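The values are calculated or read from the model by the stated rules, or taken from the named source; none is laboratory data. As the structure is a prediction and not an experimental result, all values here were calculated from the model. Here Cβ is always computed from backbone atoms with ideal geometry, including for glycine, and neighbour counts include all displayed protein chains.
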Amino acid sequence: MKAFAAAGDVALQAEPILQSVFDTGKVISGFEITGKLPKRRDVGHWIATYFPIRDAREKIIQVGVLSAEIASHSQPATLSEREREIVTFLANGISTKEVASILGISVKTVESHRARIFFKLKLDSVASLVRYAIRTKMVEP
């Protein structure tokens, strides 16, 4: 549990993935997490693969994680047209599921775009995304 305390909100994002690996026994790779660690000032972005660890009887006893933090860039963030579109939807209170339906893409794709947006803009909450969208005149207050 110390690891979860040290990881803060980032751990909360990983918890459902860990449970899914325990429940299904399937490897989940390419899962992206963006968030703020309690002891760091900046927002981090990680990509990870979660895999089951089994005992001699093939029972899942642990979940292993291979994770890499993706370093931020010092140049100003440039959002793609699709990312700007998703920022507008999210800042207007449209859910990820609704955005996926409107754009005709999967929820996972919207989540990936959202993670990249948060990383590029160094954001750590939807509220900060809304402030960014208002400040850049992507949406009106």
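Summary of computed values
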read-out: Residue check, A127 within 22 Å of K36 (Cα to Cα), modelled with pLDDT of 90 or more and not hydroxyl-bearing (S, T, Y); value: yes
read-out: Residue that is nearest to the chain's Cα centre (by Cα) [pool: residues in region 87-108 that are surrounded by fewer than 16 Cβ atoms within 10 Å (Cβ to Cβ) and in a helix (DSSP H, G or I)]; value: K108
read-out: First in region 35-51 and within 25 Å of D23 (Cα to Cα) and assigned by TED's automatic domain parsing to the domain that holds G8, second anywhere and surrounded by fewer than 14 Cβ atoms within 10 Å (Cβ to Cβ) and modelled with pLDDT of 80 or more, Cβ under 6 Å, 6 or more apart; value: W46/S67; W46/E69; I47/A68; A48/S67; T49/S29; T49/L66; F51/V27; F51/G64
read-out: Test: residue in region 129-136 that is surrounded by 15 or more Cβ atoms within 10 Å (Cβ to Cβ), at negative phi, among the small types (G, A, S) and more than 14 Å from the chain's Cα centre (by Cα); value: yes
read-out: Any hit, region 73-86, residues being surrounded by 17 or more Cβ atoms within 10 Å (Cβ to Cβ) and in a helix (DSSP H, G or I); value: yes
read-out: Region 1-42: number of residues that are at pLDDT 75 or above and surrounded by 15 or more Cβ atoms within 10 Å (Cβ to Cβ); value: 16
read-out: All positions within region 115-128 that are among the basic types (K, R) and without any contact (Cβ under 8 Å) to a residue 60 or more places away in the chain; value: K120
